[in-house]
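Here's the structure, in structure tokens; my notes come after.
Throughout, read-outs are computed from the coordinates displayed, never taken from laboratory work. All values derive from a computational prediction rather than experimental measurement. Positions of Cβ are backbone-derived with ideal geometry, glycine not excepted, and every protein chain shown enters the neighbour counts.
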Amino acid sequence: MGIDWFPLWLSLRVAALSTLIGLGAGLWIAWLLAAREFRGKAVLSSLVTLPLVLPPTVLGYYLLVLLGRNSIIGSVWERIFGAPLVFTWQAAVVAAIVHSAPLLIESARAALESVDHSHERAARSLGASEWRVFWKVSLPLAWNSILAATALAFARSLGDFGVTIMLAGNIPGRTQTVAVAIYDAVESGQGATARILVLVISALALAVLSVANRVGRIDFGRAGG
């Protein structure tokens, strides 16, 4: 029997979308935590780090409550799109964001904090706005480390299991990602399918890690949780 490659393509799509969304939102949060002092900063920092230490099933449960049909977000989504958010491939994207974005944010924060701030002060003294300082000075100086963190977040999204199966379920041809498909194959005694998928996902993860190691150094102890 041939192997169904849908879970792999779905995982790649989910990982790509979640990484792009996580990078967009994560950079802003990382900059706030690295460069700004404000009330509630410690709370925000704790909330960012929390998904790194909570069990995936707990995160999945929180998301089910937050995004289910009876929640405000879930009901608004259903009114707009005509279908619930949970147990869809979009839910898998949300799960991957929650699972991987904290790694990206913490690594980007560390990279921004390590920038030589004398360059930023020089830019401000020349009249540059905070927005311009970030895009023209801070981000370019930290970009290699942020790019490496982005690669790691992609790999983390690619292999998510616990949060995904709680929020998106295990629907073949619709929400079954490669990690879930491997579990399903093992449970149903399809050892050959499981081994092939494991080898493919391992090769992809190794390739992503090689990219991350090439473009920048990440403090794995701090970022990995």
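Think of the chain as a dipole: +1 on every Lys or Arg Cβ, -1 on every Asp or Glu Cβ, centred on the Cα centre; then among GLY169, LEU8, ALA95, ALA95 lies furthest on the positive end.
Can you give the FRET efficiency to the nearest 0.05 for ALA83 and LEU12, using r as the Cβ-Cβ distance and R₀ = 22 Å?
About 0.40, to the nearest 0.05.
When you count the other C-beta atoms within 10 angstrom of each residue and take the mean per peptide, 164-170, 84-90 line up highest first as 164-170, 84-90. Listed from fewest to most Cβ neighbours within 10 Å, the set GLU187, GLU37, GLU113 follows the order GLU37, GLU187, GLU113. Length available on full extension from ALA25 to ARG69: 0.36 nm per residue minus the Cα-Cα distance, which gives 13.3 nm.
Is any helix in the chain, taking whole DSSP H runs, at least 15 angstrom long along its axis by alpha carbon and on average at least 1.6 on the Kyte-Doolittle scale, and which ones? Membrane-span-like by this rule: 6-35, 41-53, 56-67, 191-215. When the square roots of the Cα gyration tensor eigenvalues are ordered a ≥ b ≥ c, the ratio a/c for region 133-192 is 1.5 or more and a/b exceeds b/c, which makes its shape prolate. Over all pairs of different C-alpha atoms in the chain, the reciprocal of the mean inverse distance, the Kirkwood hydrodynamic radius, equals 18.8 Å. Here, P(r) means the percent of Cα pairs in each 10 Å bin from 0 to the largest distance; for region 115-216 it is 14, 28, 21, 17, 13, 6, 1. The longest part of the chain holding none of the exposed loop trypsin sites (Lys or Arg not before Pro), meaning those outside H, G, I, E and B in DSSP with at most 16 other Cβ atoms within 10 Å, is 70-173.
Assigning unit charges at the beta carbon (Lys, Arg +1; Asp, Glu -1) and nothing else, what dipole magnitude in debye, to the nearest 20, does the chain show about its Cα centre?
480
Using the Cβ-Cβ distance between GLU37 and ARG124 with R0 set to 22 Å, the FRET efficiency from 1/(1 + (r/R0)^6) comes to roughly 0.85. Of the three principal axes defined by the Cα atoms of region 4-64, the extents in descending order read 50, 25, 17 Å.
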